[in-house]
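No value in this document is a laboratory result; all are computed from the given coordinates. In this text, all values refer to a predicted model and were calculated from it rather than measured experimentally. Glycine also receives a Cβ, built like all others from the backbone with ideal geometry; neighbour counts cover every protein chain displayed.
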């Protein structure tokens with residue numbers, strides 16, 4: 001299994017659309033002045049900053065030391081920790097927020113236990129993640145190319161994209177009361193770097209785990225498979241995103 005790694009500069013260049021499209025989940029969070037909010041998987045802190053503008057006190061946490069450093073450079077209070085091992089006391093936060101992160105978490109049950117533990121009774125857990133069908137074409141194309149080179153297992157377990165029904169059940173099993181949950185198709189136009197930039201950013205860990213001499217071949221062949229489906233006549237790329245958004249209470 002590859003380990004995902006992040007370059008804050010590359011993420012800002014090729015993945016800025018992620019926080020740019022987070023308005024809907026921020027509305028569901030509806031942070032209030034004086035609330036204590038945990039931004040789970042804060043990345044470089046751009047959304048953390050937007051939450052703080054509401055008057056809430058926000059703490060970011062991320063499993064990437066590089067992203068934590070980038071958030072701190074923005075003046076964000078951030079700590080380095082895994083979602084499955086949150087270093088905070090019980091019943092600390094009024095709300096836990098997360099955007100485009102939970103589908104990277106390997107230990108879903110451990111993460112949900114931790115989120116429930118650090119929330120105050122009745123506290124909100126509001127998040128958006130990849131849902132069932134997210135990047136289906138990209139996933140199949142990359143896995144096909146890797147299998148051709150005898151390395152198909154590198155992509156198979158990279159992400160977790162659940163249905164709304166299965167994740168609602170999982171939340172309920174961990175003591176949450178689900179108030180809203182929805183699967184939202186969101187075809188997403190990519191920056192000028194297109195699929196090349198997407199692969200090098202969001203599959204960096206997969207690519208870095210490959211033999212050096214094979215990386216460019218895998219990128220090129222994957223782009224070739226995807227071009228007829230995801231690239232228009234003008235050369236614009238659209239990723240086949242599907243998001244799962246939910247709001248639940250501890």
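Calculated [222 nm] ellipticity per residue, helices only, for the chain: -11500 deg cm²/dmol; basis is -39500 (n - 2.57) per DSSP H run with n ≥ 4, divided by all residues, nearest 500.
Looking at the chain, the DSSP beta bridges with both ends there are about 55 percent antiparallel. The order of the peptides 94-100, 242-248 by mean Cβ neighbours within 10 Å, most packed first, is 94-100, 242-248. Under 1.5 on a/c is rounded, so check that first for the range 160-206, then, if it is not, pick prolate when a/b is larger than b/c and oblate when it is not; a ≥ b ≥ c are the square roots of the alpha carbon gyration tensor eigenvalues. Note, shape of the range 160-206 comes out prolate.
Compared with the dominant principal axis of the Cα atoms in the chain, helix 212-230 is inclined by about 80°. Using 0.36 nm per residue and subtracting the Cα-Cα separation, the extra length available between residue 120 and residue 170 on full extension is 16.0 nm. Among the listed options [x] 38, 19, 15; [y] 31, 19, 17; [z] 28, 23, 17, the one matching semi-axes √(5λ) of the Cα gyration tensor in Å as calculated from these coordinates is [y]. Note: relative contact order over the chain, using C-alpha pairs below 8 Å and six or more positions apart, is 23 percent.
Between the alpha-carbon centers of the range 178-215 and the range 38-71, tell me the distance in whole angstrom. Between the Cα centre of the range 178-215 and that of the range 38-71, the gap is 21 Å. Against the chain, whose longest principal axis comes from its Cα atoms, helix 108-118 is set at around 30 degrees. The angle between the Cα long axis of helix 164-173 and the longest principal axis of the Cα atoms of the chain comes to about 40 degrees, rounded to the nearest 10. Across the range 71-193, Cα pairs under 8 Å and at least six residues apart give a relative contact order of 23 percent.
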